[in-house]
Amino acid sequence: MRQWNKIFKEYGKFFTKPQEDIPKIVKLFREKGVKKALDLGCGSGRHIVYLAKHGFEVYGIDIAPKGIGITKSWLKKEKLKARLKIGNIYKKLPYPNNFFDALISIQVLNHNRIGNIRKLIKEIERILKPEGLIFITVSRRGSIKDIPKEKLWKIKFITSRIFIPLSHDEKGLIHYWFNKKFLRKEFKTFKIYDIWVDSNGRHYGLLGELRK
């Protein structure tokens, strides 16, 4: 929590523009009749604000009080509303069973070990309605080779898929690398529409629907 608070304190709105695929995801949400959506690990609120502007009943949860505070100020400035909570997403999520029509989580699920990630996926399944939609992005294995040498982090590998940066803003934060095979395995209870690589080559996007 302290590391993320530090990041939000230093950078404020860490991102201001929505992730590149969000406009088409929102279009799909509308086509599917989504009303209630959760941003899991909402950070400083870029997707909370975007979803609220497009008329959804929006919920958000993040471990960093500073990020939630920035989100609340942003919503107030835009005269928008959302239901926000401070909480650790790797513990039981504070929502009822079958509560959400859709869930997004952008560059969040990869910040833990696979055992905790699997527990979180179970919680996602619990709070989503049958046929609820999910859009996530996660770090992609091998993406580090695409980063210019002067921007590379110093990193320590725990396993072949888990590393911890020893420098840069995310120093000390666990990172887990996925590939398409692992994503399909971990999200086996979902009908996966598509898995793709984003335009910078560093993240996978996954779009799917919880099976009945």
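Out of all the residues in the stretch 164-212, which are at pLDDT below 85, among the basic types (Lys, Arg) and surrounded by 13 or more Cβ atoms within 10 Å (Cβ to Cβ)?
Hit for the stretch 164-212 is Lys171, nothing else.
Just give me the residues in the stretch 70-83 being in contact with a Phe, Trp or Tyr (Cβ under 9 Å, 6 or more places away or on another chain) and free of Cβ contacts under 8 Å to residues at least 60 places away in the same chain, in sequence order.
Leu80, Ala82, Arg83
Of all the strands (runs of 3 or more DSSP E) wholly in the stretch 84-163, which have at least 2 residues that are at pLDDT 90 or above?
In the stretch 84-163, the matching strands (runs of 3 or more DSSP E) lie at 100-106, 128-139.
Residues of the stretch 41-65 being under 16 Å from Asp21 (Cβ atoms) and buried (at least 24 other Cβ atoms within 10 Å of the Cβ), which ones?
Within the stretch 41-65, His47, Leu51 meet the criteria.
Could you list, in sequence order, the residues of the stretch 87-122 that are under 12 Å from Leu40 (Cα atoms) and in contact with a Gly (Cβ under 9 Å, 6 or more places away or on another chain)?
Once the filter is applied, which keeps residues that are under 12 Å from Leu40 (Cα atoms) and in contact with a Gly (Cβ under 9 Å, 6 or more places away or on another chain), the stretch 87-122 yields Ile89, Leu93, Pro94, Phe100, Ala102, Leu103, Ser105, Ile106, Gln107, Val108, Leu109.
Could you list, in sequence order, all residues of the stretch 164-195 that are of a type in the set (Ser, Thr, Tyr) and either part of a loop (DSSP other than H, G, I, E, B) or within 10 Å of Leu206 (Cβ to Cβ) (or both)?
Ser167, Thr189, Tyr193
If you check Gly67, Gly43, Gly33, Gly55, which single one turns out to be part of a loop (DSSP other than H, G, I, E, B) and at pLDDT below 95?
Gly43
The values are calculated or read from the model by the stated rules, or taken from the named source; none is laboratory data. Here the structure is a predicted model, which is why all the values come from computation and not from measurement. Note that we place each Cβ from the backbone using ideal geometry, even for glycine, and neighbour counts take in every protein chain shown.
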